[in-house]
1. Could you grab me the full set of residues in region 33-85 that are touching a strand residue (DSSP E or B) at 6+ places or on another chain (Cβ under 7 Å) and not basic (Lys, Arg)?
2. If we scan region 92-113, do we find a residue that is in a loop (DSSP other than H, G, I, E, B) and surrounded by 11 or more Cβ atoms within 10 Å (Cβ to Cβ)?
3. When only residues in region 59-80 that are loosely packed, with under 13 Cβ neighbours inside 10 Å and part of a helix (DSSP H, G or I) count, which is nearest to the chain's Cα centre (by Cα)?
4. Where the second residue is of a type in the set (Lys, Arg) and crowded, with 17+ Cβ neighbours inside 10 Å and the first is in contact (Cβ under 8 Å) with a residue 24 or more places away in the chain and lies in region 1-21, which pairs have Cβ atoms under 9 Å and are six or more apart or on separate chains?
5. Taking the conditions exactly as written (modelled with pLDDT of 95 or more and among the aliphatic types (A, V, I, L, M)), does Val107 satisfy them or not?
6. If you scan region 42-58, which residues turn out to be outside any loop (DSSP other than H, G, I, E, B) and not basic (Lys, Arg)?
7. Going through Ala39, Ala32, Ala7 one at a time, which residue ends up being part of a loop (DSSP other than H, G, I, E, B) and modelled with pLDDT of 95 or more?
8. Can you name the condition, by its number, that Gly56 falls short on among (1) buried (at least 16 other Cβ atoms within 10 Å of the Cβ); (2) under 11 Å from the mean Cα position of the chain (by Cα)?
Amino acid sequence: MRIGELAGRTGASTRSLRYYEQHGLITSRRGANGYREYAEDDVRLVEEIRTLLSVGFTLEDTRPFVNCLRAGHEKGGACRDSAEVYRRKLAEIDDEIRTLLARRAEVSAQLGESCSGCMFSIQGEK
């Protein structure tokens, strides 16, 4: 299939597809006319890449998942390297949550100090 069809089937832009190819995540072959030609398997690879990017993974983070799919696994997260990326990402998210909770507590404390007589509640606090 040509790049436009792959873009249409996956929701990725042709620019994104060329970027994924530039980074070695997908591979095209050149037809006699010089157009990029992609295999049916590339649909699944692009879907995996886009799903991971949509939840905050970096493009480089997607590599083990793509490799896992290329190795014949049904799911990109089925391989050890992919699971390690998942664990690292969860640890990063947990750190971000702790940072946000601490920041929220500080802002709440500042509000309490600035406006101790105010009669409005802070959303999420009882």
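1. Tyr35, Glu37
2. no
3. Here the residue is Glu60.
4. From region 1-21, the pairs are Arg2/Arg36; Ile3/Arg36; Leu6/Arg36; Leu17/Arg36.
5. Judged against the criteria, Val107 is not a match.
6. Result: Asp42, Val43, Leu45, Val46, Glu47, Glu48, Ile49, Thr51, Leu52, Leu53, Ser54.
7. Of Ala39, Ala32, Ala7, the one residue that is part of a loop (DSSP other than H, G, I, E, B) and modelled with pLDDT of 95 or more is Ala39.
8. The number of the failed condition is (1).
The values are calculated or read from the model by the stated rules, or taken from the named source; none is laboratory data. Note that the coordinates shown come from a computational prediction; the quantities given were computed from them, not determined experimentally. Heads up, the Cβs are rebuilt from the backbone with ideal geometry, glycines too, and the neighbour counts pull from every protein chain shown.
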